[in-house]
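A.B. asks: This structure is in structure tokens; I'll ask about it shortly.
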Amino acid sequence: MKHTISVLVENHFGAFDRIATLFSGKGFNLTSISIGETEIHDISRMTVVTEGDNQILDQIIKQLNRLIDTIKVVDLTAAYHVQRELALIKISLSKGSMEQVKNINDIFRGNIVDITNNSITIEITGPPDKIDAAVNVLMPFGVIEMARSGIVALTRGEQTKKTIKNNSSESIKKKSQLIKEPK
Amino acid sequence: MKNKEQIMTGAEIFFECLRREKVEHIFGFPGGAVLKLYEKLYDIDYLQHILVRHEQGAVHAAEGYAKASGKTGVVLVTSGPGATNTVTGIADAYMDSVPIVVFTGQVPSHLIGNDAFQEADIVGITRPITKHNFLVRSIEDLALTIRKAFYIASSGRPGPVLVDLPKDVINSKCEFIYPDNMEIRGYKPTIKGHINQIKKAAEAIANAKRPLLYVGGGVIMSGGSRELALFARENKLPVTMTLQGLGAFPGTDELSLGMLGMHGSYWANQAVDNCDVLVSLGARFDDRVTGNVDTFAKNAYKIHVDIDPTCIDKNVIVDIPIIGDVKNILVEMTAEMPKAPDIQDWWHQINEWKDECPMQYEDNDGRLRTEYVIEKISEKTNGNAVIVTDVGQHQMWTAQYYKYNFPRSNITSGGLGTMGFSVPASIGVSFAIKGRPIFSISGDGGFQMNIQELITAAAYKVPVIFVIINNSFLGMVRQWQEMFHGEKYSFTDLSASNPDFVKVGQAFGIESFSTDNPKEVESLLDKALAVKDRPVLIEFKVVKDDLVFPMVPSGGSISEMMVKRINSKRMTLL
Ligand SMILES: Cc1ncc(C[n+]2csc(CCOP(=O)(O)OP(=O)(O)O)c2C)c(N)n1
Ligand SMILES: [Mg+2]
């Protein structure tokens, strides 16, 4: 199952690299990764989309927490949250295809950001499955190039102010519900 | 107004920080990028710099120092090749959770990225093998970074930290401020165990029919050996130890089952296979311990105490995780025990296994064997020596036959399995431990991997007894070739190409002996043990083709444990 994990990291040299190194070194799946500033000047937010069973997910979150540069790690998957991705899609134009592409663009509430005699570039924003759908529909027209930003995500409602990470309580809570009786 | 004396150069700040961190020894090797530091070092009397002959040696020495003393080991090397030579040692320290801080020189900041002379991206190279690492970008950050480095290396689950020091940072000046308190918002090791979890664990142990304590290096690192002994003795619990755990509990104690795992004792492995409550204390379910994880302690309710949350459920899913410092948790667990478990039958069963298949080796053909040598070293030192082994068959035999009395006495490369560890690590130990015998035990192969450090030993007159177990083979590899690779002894026979080890020792100015006669072992050990002010070397020429038993094949189950040679062609050698 796909999981979206939000990671607050120190905004300095190497923090991003450390996380990328962790994923490659441990052989964790990495579907997308994005990084940008937050409301706090020395903290960045990384949004990681990854895949794996519960045990792997548990490891990914604990390993992320273990890094000295990570301040908070949250698996958003089970939480009420919004996800957005942005795609730039460059499509080749042939006779008469312009109208059709424009229509599709309207349906997906995209923007036309560049146009030449032979090509048109549209910008689509939305949850990743909306972008997948748009790409599917546009494919037959001839997609010349595409760039996707990777997902950014936030929980809905009030933002959690707590930024200190806690290594143990979450996993303890989870585990104590699973306690078996001694055989 | 600023106090003028507080303006210092980077080099001065560096050593002032080390002084405040109570560093007494640095293992290092100079070069261009750290010349300013060595210039300052020349006038410093509050710490001793030990000049090694290869930077890998410096790191292993610092590891030995740290493992034996519990203090943080410190390394200082130059940029580029000096830095890259530390990589194996850093990886070794990472795998075995050894607290060390490695300072590397770096080219001046403005040249970083230019392929400057002796430039290497050591921060990038060591990112996956350090607990954390830093590139100091300005002199204002220097003191705080050093402070953080020592804190991170030594707290929580210990590990190596690397600090990269560009030449211009060391050469510039700034006001010296040593932070008294320091907080790292992303780093808060959990020390105190969750009391409800501890209560549950205590209850499970008290009600167990066949409990077993599975003890790893974490108990030694936390300083919890005494607490472990109390807990085990009060409840008469059997104790088995991992390679790194040896010494956490006295090997001669009747509750000790010795080592478990691939080359563990028959009875320890049977106990793991049959226990109903397994209590892992500061161990990490390494594959050399578990073999096949699906069948490891398959019927046991598993309790796992560890300071590192990532260790929990990584290899084996457990029933009660307790995150925190194992020493504290042992104290609380002892207090929470409602009663001692009733396990006489279990002990009866364990003792039956002991009789069924005791540790034994051939000793009546007059030929010298490693097991005998180790047994004699154990007897002569009453289990009180610090034993620093290398990697291979001799390492496993030492683990099986040396009866460690004290924690921090078994210094070995477990996680990474680094040949060449023993010689430099034992030198490091000698700067931390005074008044106890120190043995470096290497194979003929591994001894040659950091052989250059013999001159460090000679120059500093370290009282280390260098033992070479010479079986004329890369023995452990030969063992796998015999057992699993069709007896194709591909590139493991050193008999025609080994040097004369006595002459080697003598060339380094070390008194050296050699024997292949079991009758001479004791007298040679006596002779060596009588020397207390300089190194001694003894080569023991042992049987070439012995195998380490018992053996659970890699990834196998306890049911596949082999206890003696099965190949009929080879049986004749037994
Ligand atoms: C640096 C390094 N290279 C290779 C190995 C693989 N290896 C493991 S044990 C071993 C043989 C060691 O031979 P020796 O030092 O003579 O010890 P013995 O097994 O004979 O006691 C080898 C080559 C290793 N562990 N470390
Ligand atoms: Mg050998």
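The values are calculated or read from the model by the stated rules, or taken from the named source; none is laboratory data. Treat the numbers as computed from the prediction; the structure is a model and nothing was measured. Backbone-built Cβ (ideal geometry, glycine too); neighbour counts: all protein chains shown. Heads up: the accessible areas ignore ligands, DNA and RNA and are worked out on the full protein's heavy atoms, side chains in. Shrake-Rupley method; radii C 1.70, N 1.55, O 1.52, S 1.80 Å.
A.B. asks: Hey, could you check segment A:39-58 for residues that are surrounded by 13 or more Cβ atoms within 10 Å (Cβ to Cβ) and more than 16 Å from A:GLY150 (Cβ to Cβ) and say which is farthest from the other protein chains (Cβ to nearest Cβ)?
C.D. replies: Applying the first criterion (surrounded by 13 or more Cβ atoms within 10 Å (Cβ to Cβ)) to segment A:39-58 yields A:43-52, A:56-58.
Next cut, more than 16 Å from A:GLY150 (Cβ to Cβ) only: A:43, A:52, A:56-58.
Details: A:ILE43: 9, A:GLY52: 13, A:ILE56: 10, A:LEU57: 11, A:ASP58: 6 Å.
Checking each candidate, the answer is A:GLY52.
A.B. asks: Looking at (1) more than 28 Å from the chain's Cα centre (by Cα); (2) modelled with pLDDT of 95 or more; (3) not acidic (Asp, Glu), find the lone condition where B:TYR214 falls short.
C.D. replies: (1)
A.B. asks: Quickly run through segment B:163-189 and pick out the residues that are surrounded by 20 or more Cβ atoms within 10 Å (Cβ to Cβ), assigned to a loop (DSSP other than H, G, I, E, B) and modelled with pLDDT of 95 or more. Steps first, please.
C.D. replies: So in segment B:163-189, the residues surrounded by 20 or more Cβ atoms within 10 Å (Cβ to Cβ) come out as B:163-167, B:169-170, B:186-187.
Those left that are additionally assigned to a loop (DSSP other than H, G, I, E, B): B:186-187.
Scanning segment B:163-189 gives a single hit, B:TYR187.
A.B. asks: Hey, among B:PHE508, B:PHE513, B:PHE491, which residue is more than 16 Å from ligand 2 (Cβ to nearest atom), farther than 23 Å from B:ILE374 by Cα and assigned by TED's automatic domain parsing to the domain that holds B:VAL391? Outline the logic, then answer.
C.D. replies: Numbers: B:PHE513 fails: farther than 23 Å from B:ILE374 by Cα; B:PHE491 fails: more than 16 Å from ligand 2 (Cβ to nearest atom).
That would be B:PHE508, the only listed residue that is more than 16 Å from ligand 2 (Cβ to nearest atom), farther than 23 Å from B:ILE374 by Cα and assigned by TED's automatic domain parsing to the domain that holds B:VAL391.
A.B. asks: Still on this structure, I have one more. Which one is farthest from the chain's Cα centre (by Cα), of the residues in segment B:94-115 that are assigned to a loop (DSSP other than H, G, I, E, B) and touching a residue at least 60 places away in the same chain (Cβ under 8 Å)?
C.D. replies: Taking segment B:94-115 as the starting set, the residues that turn out to be assigned to a loop (DSSP other than H, G, I, E, B) are B:96-99, B:107-108, B:112-115.
Keeping just the survivors that are touching a residue at least 60 places away in the same chain (Cβ under 8 Å) gives B:96-99, B:107-108.
Details: B:ASP96: 6, B:SER97: 8, B:VAL98: 7, B:PRO99: 11, B:VAL107: 32, B:PRO108: 35 Å.
The selected residue is B:PRO108.
A.B. asks: Check segment B:495-502 and report whether any residue there is away from chain A (no Cβ under 14 Å), of a type outside the set (Ser, Thr, Tyr) and more than 15 Å from ligand 1 (Cβ to nearest atom).
C.D. replies: Of all residues in segment B:495-502, those away from chain A (no Cβ under 14 Å) come to B:495-502.
This time we only want the ones that are of a type outside the set (Ser, Thr, Tyr), so: B:496, B:498-502.
Those still in the list that are more than 15 Å from ligand 1 (Cβ to nearest atom) too: B:500, B:502.
Within segment B:495-502, one or more residues are away from chain A (no Cβ under 14 Å), of a type outside the set (Ser, Thr, Tyr) and more than 15 Å from ligand 1 (Cβ to nearest atom).
A.B. asks: Out of the residues in segment A:116-135 that are open to solvent by less than 10 Å² (accessible area, probe 1.4 Å) and outside any helix (DSSP H, G or I), state the one that is farthest from A:VAL49 (Cα to Cα). Don't jump to the end; show me each part of the working.
C.D. replies: Just the residues of segment A:116-135 that are open to solvent by less than 10 Å² (accessible area, probe 1.4 Å), to begin with: A:120, A:122, A:124, A:126, A:131, A:134.
Okay, now just the ones that are also outside any helix (DSSP H, G or I), so A:120, A:122, A:124, A:126.
Numbers: A:ILE120: 29, A:ILE122: 24, A:ILE124: 19, A:GLY126: 16 Å.
Filtering first and then ranking leaves A:ILE120.
A.B. asks: Just checking, does segment B:432-441 include any residue being more than 15 Å from ligand 2 (Cβ to nearest atom), small (Gly, Ala, Ser) and either open to solvent by 10 Å² or more (accessible area, probe 1.4 Å) or in contact (Cβ under 8 Å) with a residue 12 or more places away in the chain (or both)?
C.D. replies: The first filter runs over segment B:432-441 and keeps only residues more than 15 Å from ligand 2 (Cβ to nearest atom), leaving B:432-439.
Then keep just the ones that are small (Gly, Ala, Ser); that gives B:432, B:435.
Restricting the remaining residues to those that are either open to solvent by 10 Å² or more (accessible area, probe 1.4 Å) or in contact (Cβ under 8 Å) with a residue 12 or more places away in the chain (or both) gives B:432, B:435.
The answer is yes, given that some residue of segment B:432-441 is more than 15 Å from ligand 2 (Cβ to nearest atom), small (Gly, Ala, Ser) and either open to solvent by 10 Å² or more (accessible area, probe 1.4 Å) or in contact (Cβ under 8 Å) with a residue 12 or more places away in the chain (or both).
A.B. asks: Okay, next question. Can you tell which of A:ILE131, A:ILE61, A:ILE144 is more than 14 Å from every other protein chain (Cβ to nearest Cβ), under 20 Å from the mean Cα position of the chain (by Cα) and aliphatic (A, V, I, L, M)? Please lay out each step first, then the result.
C.D. replies: Values: A:ILE61 fails: more than 14 Å from every other protein chain (Cβ to nearest Cβ); A:ILE144 fails: under 20 Å from the mean Cα position of the chain (by Cα).
Being more than 14 Å from every other protein chain (Cβ to nearest Cβ), under 20 Å from the mean Cα position of the chain (by Cα) and aliphatic (A, V, I, L, M) holds for just one of A:ILE131, A:ILE61, A:ILE144, which is A:ILE131.
A.B. asks: Restrict the check to segment B:328-351 and report whether at least one residue is among the aromatic types (Phe, Trp, Tyr) and open to solvent by 10 Å² or more (accessible area, probe 1.4 Å).
C.D. replies: Within segment B:328-351, one or more residues are among the aromatic types (Phe, Trp, Tyr) and open to solvent by 10 Å² or more (accessible area, probe 1.4 Å).
A.B. asks: If I filter segment B:27-40 for residues that are under 26 Å from B:ILE441 (Cα atoms) and of a type in the set (Asp, Glu), do I get at least one hit?
C.D. replies: We begin by selecting, within segment B:27-40, every residue under 26 Å from B:ILE441 (Cα atoms); these are B:27-29.
Filter once more, keeping what is of a type in the set (Asp, Glu): none.
No: segment B:27-40 contains no residue that is under 26 Å from B:ILE441 (Cα atoms) and of a type in the set (Asp, Glu).
A.B. asks: Turning to a different aspect of this structure: How many residues are assigned to a loop (DSSP other than H, G, I, E, B) and more than 31 Å from the chain's Cα centre (by Cα) when one looks only at segment B:334-366?
C.D. replies: The first filter runs over segment B:334-366 and keeps only residues assigned to a loop (DSSP other than H, G, I, E, B), leaving B:337-343, B:357-366.
Restricting the remaining residues to those that are more than 31 Å from the chain's Cα centre (by Cα) gives B:337-343, B:364-366.
The total comes to 10.
A.B. asks: Can you tell me how many residues in segment A:9-38 are facing chain B (nearest Cβ under 9 Å) and in a strand (DSSP E or B)?
C.D. replies: 2
A.B. asks: Where in segment B:13-87 are the strands (runs of 3 or more DSSP E), entirely inside, with at least 2 residues that are surrounded by fewer than 24 Cβ atoms within 10 Å (Cβ to Cβ)?
C.D. replies: B:25-29, B:48-51
A.B. asks: Examine segment B:402-417 for a residue that is small (Gly, Ala, Ser), open to solvent by 10 Å² or more (accessible area, probe 1.4 Å) and more than 27 Å from B:ARG565 (Cβ to Cβ), and state whether such a residue exists. Can you show your working first?
C.D. replies: First, the residues of segment B:402-417 that are small (Gly, Ala, Ser): B:409, B:413-415, B:417.
Cutting the leftovers down to open to solvent by 10 Å² or more (accessible area, probe 1.4 Å) gives us B:414-415, B:417.
Checking which are more than 27 Å from B:ARG565 (Cβ to Cβ) leaves us with B:415.
Yes, because at least one residue in segment B:402-417 is small (Gly, Ala, Ser), open to solvent by 10 Å² or more (accessible area, probe 1.4 Å) and more than 27 Å from B:ARG565 (Cβ to Cβ).
A.B. asks: Which count do you get for residues in segment B:116-162 that are open to solvent by 30 Å² or more (accessible area, probe 1.4 Å) and part of a helix (DSSP H, G or I)?
C.D. replies: 10
A.B. asks: Filter segment B:373-398 down to the residues that are more than 16 Å from ligand 2 (Cβ to nearest atom) and buried (at least 20 other Cβ atoms within 10 Å of the Cβ), then identify the one that is nearest to the other protein chains (Cβ to nearest Cβ).
C.D. replies: Of all residues in segment B:373-398, those more than 16 Å from ligand 2 (Cβ to nearest atom) come to B:375-388.
Within this subset, residues satisfying the condition of being buried (at least 20 other Cβ atoms within 10 Å of the Cβ) are B:375, B:377-378, B:381, B:385-388.
Working: B:GLU375: 39, B:ILE377: 39, B:SER378: 38, B:THR381: 39, B:ALA385: 36, B:VAL386: 31, B:ILE387: 32, B:VAL388: 29 Å.
Residue satisfying both the conditions and the ranking: B:VAL388.
A.B. asks: Spot the failing condition for B:PRO463; the list is (1) away from ligand 2 (no atom under 16 Å from the Cβ); (2) of a type outside the set (Phe, Trp, Tyr); (3) surrounded by fewer than 16 Cβ atoms within 10 Å (Cβ to Cβ), and only one is missed.
C.D. replies: (3)
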